[in-house]
Amino acid sequence: MLRKFLFSLSLLSVSAAFAEPVKVVTSFSILGDVTREIGGDKVEVAEIVKANQDMHIYRITPQDAKRLKNSQLILLNGKGFESNEFVKAAKAANVPLLNATDHIESIHHDDDDDDEHHHEHEHKHEDKHEHAHHHGGDDPHVWQDPVLMKQYTQNIADALIKIDPANKDYYSGNLKKYQQKLDDLDALAKKSFAAIPVEKRKVLTSHDSFAYFGARYQVKFMAPQGVSEESEPSAKQMAEIIRTVKRENIRAVFVENISNPKLLNRLTREAGVSVTGKLYSDALPENGSYVDMMKHNIETLSGAMK
């Protein structure tokens, strides 16, 4: 009888060891990568918007809706990053749903901020297909601050533990290791910018997705577009940016991997400066990780300011 009981226990152990991974769907590539790091081999992650793709213009497909319904957990960024259409499809899937930015204090963009940020944050495009992004309020680009990403990753781990409590220790262990990588990124950024006077930490880039990075490391970012690529600056705002670039002698000028460079190229032409290089804002590079992306941005930005 004891032998039979032990054999049954061994079968249970084998069954648990080879249990199917938790099916997780994330809205975009950065969130997908971080979820894989925390979930390890206990999760199967699929992101809807892939590397080098722009969430701002992405349209949900029937295949996406099916993938959402077949998942066990859906992770969104939140703070208006996903379109109304995207959020509606995620809720319709009727599976557990989490915003990774929960409990993180937002940088808030008001209409009165136009003079400071040199662009309008309020979108003026039509919302015929429920495709609007509400970046006019909370800035969703939390991932640009590795310190805030500690809460972001904690939220992901908590969601996985709730779905799969048997592997709590596994997820918690991965979280601890990953949060050390976030501490290392923060240390790298502080060291990289320490030798650069604050008055020289000025950058012109395609759209305003680096406010959290700027707030953390005292870097002033200017952008002809708002926090969404769909917003267009007025002629008055363009003229003001050009005057500022010339007046403050800004030479760190970057296009983003998801951006249409036409607007920035026009601006740099009129301001008499050249594009310095590429930054990664709302999507990972092909075959790249979040940590790789942040290291690239930190080293590229600090190098251009020296």
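The values are calculated or read from the model by the stated rules, or taken from the named source; none is laboratory data. Bear in mind the structure is a predicted one, so any value in this text is a computation, not a measurement. Here the Cβ positions follow ideal geometry from the backbone for every residue, glycine too, while neighbour counts run over all protein chains shown.
Check region 79-92 and report whether any residue there is of a type in the set (Ser, Thr, Tyr), touching a helix residue (DSSP H, G or I) at 6+ places or on another chain (Cβ under 9 Å) and closer than 21 Å to residue 157 by Cα.
Within region 79-92, none of the residues are of a type in the set (Ser, Thr, Tyr), touching a helix residue (DSSP H, G or I) at 6+ places or on another chain (Cβ under 9 Å) and closer than 21 Å to residue 157 by Cα.
Can you find even one residue in region 274-282 that is at pLDDT below 75 and not assigned by TED's automatic domain parsing to the domain that holds residue 81?
Taking every residue of region 274-282 in turn, at least one turns out to be at pLDDT below 75 and not assigned by TED's automatic domain parsing to the domain that holds residue 81.
Just for region 252-273: of the residues that are in a loop (DSSP other than H, G, I, E, B) and among the aliphatic types (A, V, I, L, M), which one is modelled with the highest pLDDT?
Out of the qualifying residues, it is 252.
I'm told residue 98 meets every condition in (1) part of a helix (DSSP H, G or I); (2) at pLDDT 95 or above except one. Can you identify the failing condition by its number?
If we test residue 98 against (1) part of a helix (DSSP H, G or I); (2) at pLDDT 95 or above, just (1) comes out false.
Looking only at region 65-86, count how many residues are within 20 Å of the chain's Cα centre (by Cα) and surrounded by fewer than 20 Cβ atoms within 10 Å (Cβ to Cβ).
Total satisfying the criteria: 2.
As an exercise: evaluate residue 30 against (1) within 24 Å of residue 289 (Cα to Cα); (2) out of contact with any Asp or Glu (no Cβ under 8 Å at 6 or more places or on another chain); (3) in a helix (DSSP H, G or I) and give the number of the one condition it does not meet.
Among (1) within 24 Å of residue 289 (Cα to Cα); (2) out of contact with any Asp or Glu (no Cβ under 8 Å at 6 or more places or on another chain); (3) in a helix (DSSP H, G or I), residue 30 violates only (2).
Here is a check on your reading of the model: is residue 159 at pLDDT 95 or above, over 19 Å from residue 103 (Cβ atoms) and assigned by TED's automatic domain parsing to the domain that holds residue 88?
Taking the combined requirement at face value, the residue does not satisfy it.
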